Amino acid sequence: MAWNLFGRKKANGFERSRKAVREAGGGETLPVQDTRAAIEELSQVVKNDPEAVEIYLALGSLYRSQGEIERAIQIRNSLILRPGLDREFKARALFELGRDFRRAGFLDRAEKAFLESRSHGHDVTAIHYEMARLAAERGNYEKAAESYGQLGLPLPQAHYLVRLAMDYFEEGNDSQAHRALRHAIRAYPGAVEAWLEQMIQAYKSGSERKLADILRNALDNVAPELRFVLLEGLLQTLDRAERERALPAGDEAAWTHACADEAVTKALLPVIDSQEPDVLLLYYGAAFLLRVGDEENAKMWLEKALVMHPDFWLARLELFELSRPDQTLTPFFKEQLSFFMDRARKINRFFCRRCGLKRDQLFFNCPRCRSWHSIAFRTDFTQ
Ligand SMILES: [Zn+2]
């Protein structure tokens, strides 16, 4: 680690290290222990050299990365109030203060700090980006989408157009909602969330043929490693419809016209089958078949998936489960087996390709490292 660079007065190495520190504030690039060590070393440097404004700023960002927001805010404020502070540094301290406030959930104060930072001459694009994030966090998806569009970032633009569409659907404003979804796909054809939402709407409206058409189109446009999200998302919707229909006081009205499971499976399987063989597509095909009780065909699809990828544990588990009734087991053996099967089913199936976060729910923006579309399926235990 090159933290001792902070001890030198040379600008270049300094700039490089500061950048590394700032990046630590935004993501997960440093393990916690390294960050703690950096904080201690920097605190020592600051004690010896109170004029070191850059180091103060970096230290604040490190505190923020550790969730110590109050300390981060204190550092920015002590800088901002420092008499005779260079205008550029003041602008930067205000900018970082805005990010601290956003992180702490004080969105109004964050906005105020960003605006002040801009009036002190801070980079306009960086502020525009922060304002887009603020709009998104406030639930103002229209504004967020517009800002990301202006910034030339079509992926988050499309994502927030989908969120906007979901709000419109909620309000019963279906035509605006569909318009927003089409806009999302035009802006970013790989927007898996937009295709998925279109599929869900087709399912709800009872048109399995439309659902199959959208899936076919989506499979052509979405990145291959994200295609499973379409099928996982649809399966979760089928589950949700089933749950809500079963509840006495459920929201069953929303699903009155929804397609029957058999119709969905019958319409989707030929589309999946027409694709280049893919282990996850085969697995999800089997999942749809299992949903309608077609165990024979499900077995075939799972076996094909295993031929492609013998380490795919979940396909193996399903096959194993399917052959269980054929086995004569002692009660002891049965009990042990149930225990392991139960545990295996609780394993988080998805992970973030960027930071490794493991989840069992779909995500489009990693909750930890904030990467977009970095979700992947854990086809291997080693992932
Ligand atoms: Zn991540």
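The values are calculated or read from the model by the stated rules, or taken from the named source; none is laboratory data. In this text, all values refer to a predicted model and were calculated from it rather than measured experimentally. As a convention, Cβ positions derive from the backbone with ideal geometry for all residues, glycine included, and neighbour counts pool all protein chains shown.
Residues in the stretch 331-360 that are within 14 Å of the ligand (Cβ to nearest atom) and not charged (D, E, K, R): Asn348, Phe350, Phe351, Cys352, Cys355, Gly356, Leu357. Working only within the stretch 318-342, note down all residues that are modelled with pLDDT of 90 or more and within 29 Å of the chain's Cα centre (by Cα). Listed by number, the list holds a single entry, Glu318. Scanning the stretch 253-267 for residues that are surrounded by 15 or more Cβ atoms within 10 Å (Cβ to Cβ) and closer than 24 Å to Met166 by Cα turns up Trp255, Ala258, Cys259, Asp261, Val264. Trp195 meets the conditions (1) crowded, with 16+ Cβ neighbours inside 10 Å; (2) closer than 26 Å to Ser78 by Cβ in every case but one. The failed one is (2).
The residue list Leu97, Leu79, Leu62, Leu164 contains one member that is part of a helix (DSSP H, G or I), crowded, with 16+ Cβ neighbours inside 10 Å and in contact with an Asp or Glu (Cβ under 7 Å, 6 or more places away or on another chain), which is Leu164.
Just to be sure, is Thr328 away from the ligand (no atom under 14 Å from the Cβ), polar (S, T, N, Q) and surrounded by 15 or more Cβ atoms within 10 Å (Cβ to Cβ)? For Thr328, the condition - away from the ligand (no atom under 14 Å from the Cβ), polar (S, T, N, Q) and surrounded by 15 or more Cβ atoms within 10 Å (Cβ to Cβ) - is not met. Scan the stretch 361-371 for residues that are touching a residue at least 60 places away in the same chain (Cβ under 8 Å) and near the ligand (Cβ under 10 Å from one of its atoms) and the total you get is 4. Filtering the stretch 372-383 to residues that are part of a loop (DSSP other than H, G, I, E, B) and either within 16 Å of the ligand (Cβ to nearest atom) or among the β-branched types (Val, Ile, Thr) (or both) leaves His373, Ser374, Arg378, Thr379, Thr382, Gln383.
The criterion of being more than 19 Å from the chain's Cα centre (by Cα) and either of a type in the set (S, T, N, Q) or modelled with pLDDT under 95 (or both) holds for Gln201.
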